[in-house]
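This report refers to the structure that appears directly beneath it.
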Amino acid sequence: MEFIDLLPETNLNEIETRSLTKTQVLLKHSTRCIVSSMALMRLRTCTNDADCWVLDLLRYRELSNEIAQRYDIPHQSPQIIVLQQGKVVFNASHEQIDCEKIP
């Protein structure tokens, strides 16, 4: 899985467009949380053909809020939101973040 920094200047519409041909994973990650660090480590072992956009929650909380509102998914940390064909097909948080569950 390719890891890409999710920054405020990143266009969420472009990520949705990319999801038409390749699975896109948004990871809300807190750099101060051990559970979040463990989720990130689990995702680093994934062999899924997906892009994983990693959002640093401590630096970009407003972007996290925008994602929660846009996809109507309450914020949690850590959290993944999986996009395919421009739509959310899966989301999980904490220990439920697992490569096996990513479509």
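Contact order normalised by length for the chain, with contacts defined as Cα pairs under 8 Å and 6 or more residues apart; what percent is it?
Dividing the mean separation by the residue count of the chain yields 37 percent.
Would you kindly find the accessible area of I34, with a 1.4 Å probe and non-protein molecules such as ligands, DNA and RNA excluded, rounding to the nearest 10 Å²?
So the heavy atoms of I34 present about 120 Å² to solvent.
Can you give me the % of accessible surface on the chain that is carbon or sulfur? Probe 1.4 Å, all protein chains present, nothing else counted.
Ligands and nucleic acids excluded, carbon and sulfur give 47 percent.
Subtract the Cα-Cα distance of R18 and D72 from 0.36 nm times their separation in residues, and report this length gain in nm to one decimal.
Fully extending the segment from R18 to D72 adds 17.4 nm.
Taking the mean number of other Cβ atoms within 10 Å as a proxy for protection, how do you rank 47-57, 1-11 from highest to lowest?
47-57, 1-11
Computed from these coordinates, which is Rg/Rh (Cα atoms, Kirkwood Rh): (i) 0.91; (ii) 1.04; (iii) 1.01?
(i)
Considering only protein heavy atoms, what per residue accessible area in square angstrom results for the chain with a 1.4 angstrom probe?
56
The values are calculated or read from the model by the stated rules, or taken from the named source; none is laboratory data. In this text, all values refer to a predicted model and were calculated from it rather than measured experimentally. We place every Cβ from the backbone using ideal geometry, glycine too, and count neighbours over all the protein chains shown. Side chains included, ligands, DNA and RNA excluded: accessible areas come from the protein's heavy atoms. Shrake-Rupley method; radii C 1.70, N 1.55, O 1.52, S 1.80 Å.
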